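Following: one structure in structure tokens, then a few remarks.
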Amino acid sequence: GLPLGERLERRIVDGERNGLEADLDDAMKDRKPLEIINDTLLAGMKTVGELFGSGQMQLPFVLQSAEVMKAAVAYLEPHMDKDDSGGKGRIVLATVKGDVHDIGKNLVDIILTNNGYEVVNIGIKQPINTILDAANEHSADAIGMSGLLVKSTVIMKENLEEMNSRGVAQNWPVLLGGAALNRSYVEDDLADVFEGHVSYARDAFEGLRLMDTLMA
Ligand code: B1M
């Protein structure tokens with residue numbers, strides 16, 4: 001058969017869940033859970049995105065891959081190093097209105113939670129209203145929005161404009177992430193529009209670094 005790393009990557013691409021746990025146990029013998037996610041499982045999801053984007057893979061199979069990815073992350077999560085004191089600050093995290101993609105958002109949740117933040121993860125397809133209500137209700141220190149669709153980049157802009165018009169732009173620094181964004185769109189275009197502080201996180205680890213800077 002294939003070497004373990006390649007086999008795990010294939011599992012994501014093929015959406016093959018049988019035997020997943022045994023392979024992950026083997027992989028954890030010489031790699032940390034986060035290394036397995038970053039170097040192997042995410043490579044599989046990237047291939048899925050390419051195959052789907054080029055018409056070589058149909059949506060139901062993408063969904064199966066996403067489910068195997070989620071199962072793998074859930075299995076690895078208890079084995080991660082953690083400081084889950086929650087004492088470094090509190091962030092409300094959401095996938096924006098109209099967008100169901102949540103694997104990246106949930107990874108951000110795990111990384112922040114395991115590194116001392118309290119994360120209020122309010123789920124997918126969240127309108128700005130709900131996001132702001134949650135930020136108020138939980139006295140959040142920051143807001144994080146995720147979105148993978150090109151459409152979501154427009155929604156994020158509208159959300160920031162809505163925060164301006166409600167006069168709450170200064171209340172929470174905003175972190176944005178997701179595959180359709182890029183640094184200059186966020187840090188040049190959106191930062192120009194927004195009356196508060198907005199920054200771009202390329203991945204979950206940059207999200208953590210940004211939070212560490214913002215909360216320092
Ligand atoms: Co969708 N999908 N999908 N999809 N899907 C994309 C995004 C797409 C690029 C695929 C493609 O065409 N190549 C494309 C968008 C194209 C566009 O907008 N131009 C697309 C499409 C078109 C769609 C549908 C419209 C398909 C349809 O119905 N015809 C539909 C949309 C439904 C909707 O949202 N209304 C749809 C549905 C789905 C599934 C349900 C099948 C499934 C999602 C399952 C789920 O999430 N529960 C799915 C998947 C799996 C993908 C791809 C293949 C993989 C996404 C993923 O999980 N990646 C994706 C291809 C791609 O992204 N290139 C695709 C792994 C994940 C860890 O990465 O979320 O980027 P990501 O997170 C990264 C960083 O971005 C960052 O950190 C993470 C890494 O550390 N990050 C943050 C993310 N959020 C952050 C927030 C932060 C900080 C960092 O702070 C707040």
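Rule-based calculations on the coordinates, nothing more; no lab input. Please read all numbers here as calculations on a predicted model, not as lab measurements. Note that each Cβ is placed from the backbone with ideal geometry, even for glycine, and that neighbours are counted across all protein chains shown.
Just a few scattered comments:
- Considering only Cα atoms, the convex hull volume of the chain works out to 120 Å³ per residue.
- 10 Å beta-carbon shell around ASN114, net charge (K/R +1, D/E -1): -4
- Size descriptors for the stretch 39-85: radius of gyration and Dmax over Cα atoms are 13.5, 45 Å.
- Net charge of the neighbourhood of VAL168, taken over other residues with C-beta under 11 Å away and scored Lys/Arg +1, Asp/Glu -1, is -1.
- Seen against the Cα atoms of the chain and their longest principal axis, helix 59-76 is set at about 90 degrees.
- The trypsin sites (Lys or Arg not before Pro) found in the stretch 14-63 that occupy coil by DSSP, while having at most 11 further C-beta atoms within 10 Å, are LYS29.
- Karplus-derived HN-Hα couplings along the stretch 21-26 (A = 6.51, B = -1.76, C = 1.60, θ = phi - 60°), whole Hz, x at Gly and Pro: 4, 4, 5, 5, 4, 4
- FRET efficiency, SER165 to GLU187 (Cβ-Cβ, R0 22 Å, nearest 0.05): 0.50
- Sparse packing (at most 14 other Cβ atoms within 10 Å of the Cβ) combined with a DSSP loop state is found for the following trypsin sites (Lys or Arg not before Pro) in the stretch 48-118: LYS82.
- Among the GluC sites (Glu not before Pro) found in the stretch 107-216, those both in a DSSP coil and sparsely packed, with 15 or fewer other Cβ atoms within 10 Å of their Cβ, are GLU195.
- Max mean-square fluctuation residue, GNM over the chain, Cα-Cα springs under 10 Å, options GLY49, GLY177, GLY123: GLY49
- Around the amide H of ASP99, modelled in the peptide plane, lie the amide H atoms of LYS125, GLN126, all under 5 Å away and 5 or more residues distant in sequence or on another chain.
- Within the stretch 123-143: backbone nitrogen closer than 18 Å to the LYS151 label point (7 Å, Cα to C-beta): 124-129
- Computed over the chain, relative contact order equals 16 percent, with contacts defined as Cα pairs under 8 Å that lie 6+ residues apart.
- Listed residues LEU63, LEU149, LEU112, most fluctuating in the chain (Gaussian network, C-alpha, under 10 Å): LEU63
- Set of lysines with alpha-carbon distance to LYS70 below 27 Å, sequence-local pairs under 8 removed: LYS29, LYS32, LYS46, LYS82, LYS88, LYS97, LYS105, LYS125, LYS151
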